[in-house]
Amino acid sequence: MSSAEATANRRSALANVPNFISALRLPIAAAFFVIDNLLWRGILLFLGALTDALDGWLARRLGVESKAGAIMDPLFDKLFVVITLAAFLPGPYLGSREYLILVSRDLYVGAGWLVGKAMGVNVPAQSRPAGKLVTALQVVTLFVLLLVPERFTVFMVAVGAASAIAIIDYTFAGLATLRRSKAA
């Protein structure tokens, strides 16, 4: 095996590490349905947030950023939040309406991506600042639901407002992508 092939193999193996870390968010989220202990749920939330921070940082640090990773990271972010929030249903603070408000951006972006793909438009799976804000607020809201649920409503309203802004932002970005694809 040549030196170039060995380097390519090493790089390929390293590229899988950040993607594996991203994928860990699914079993961590699923554990919320099994574990109903405050401390362990707090640890699970911390681990989910840690994997979110670590996967991208590690990919950049190792120089193994990939198209697959660019799709997997935001996908697993959204799935983590949607699944973890679902574990709080039905609860004294989180009902179906509140849940839909909290995941509205995720549902909109997912549906928009699928519609774009169905129309043959190459929709980039690129995060945007407004979307990152929504994700951060969703994670904070999960901690609030866990630790101080009586303050949940304030955070739900914040996530709802940020989601509305993100939906508008994603809509304009999607329309710009659609116009570019038609012009090409």
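Could you tell me whether any residue of the range 89-97 is over 19 Å from F33 (Cα atoms) and among the hydrophobic types (A, V, I, L, M, F, W, C)? No; the residues of the range 89-97 include none that is over 19 Å from F33 (Cα atoms) and among the hydrophobic types (A, V, I, L, M, F, W, C). A search for C-beta distances below 9 Å between a residue of the range 141-169 that is surrounded by fewer than 13 Cβ atoms within 10 Å (Cβ to Cβ) and any residue that is hydroxyl-bearing (S, T, Y) and modelled with pLDDT under 90, counting only pairs 6+ apart in sequence or on different chains, returns E150/Y93; T153/Y93. Restricted to the range 71-184, the set of helices (runs of 4 or more DSSP H) holding at least 2 residues that are hydrophobic (A, V, I, L, M, F, W, C), over 18 Å from the mean Cα position of the chain (by Cα) and farther than 27 Å from F46 by Cα comprises 96-118, 152-183. Scanning the range 29-47 for residues that are modelled with pLDDT of 90 or more and either under 15 Å from L75 (Cβ atoms) or among the polar types (S, T, N, Q) (or both) gives a single hit, A29.
All of (1) touching a helix residue (DSSP H, G or I) at 6+ places or on another chain (Cβ under 8 Å); (2) surrounded by fewer than 21 Cβ atoms within 10 Å (Cβ to Cβ); (3) assigned to a helix (DSSP H, G or I); (4) in the same structural domain as I21 (by TED's automatic domain parsing) hold for I43 with one exception: (1).
Taking (1) at pLDDT 85 or above; (2) in a helix (DSSP H, G or I) in turn, T7 satisfies each apart from (1). No other residue among L62, L50 is modelled with pLDDT of 90 or more, of a type outside the set (D, E, K, R), under 21 Å from N19 (Cβ atoms) and not assigned by TED's automatic domain parsing to the domain that holds K182 apart from L50.
Yes/no per residue for (1) among the charged types (D, E, K, R); (2) without any contact (Cβ under 8 Å) to a residue 40 or more places away in the chain:
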| site | (1), (2) |
| --- | --- |
| A70 | no, no |
| D77 | yes, no |
| P92 | no, no |
| Y99 | no, yes |
| L102 | no, no |
| V109 | no, no |
| G112 | no, no |
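The values are calculated or read from the model by the stated rules, or taken from the named source; none is laboratory data. Treat the numbers as computed from the prediction; the structure is a model and nothing was measured. When we count neighbours, we look across all protein chains shown, and the Cβ atoms used for this are built from the backbone with ideal geometry, even at glycine.
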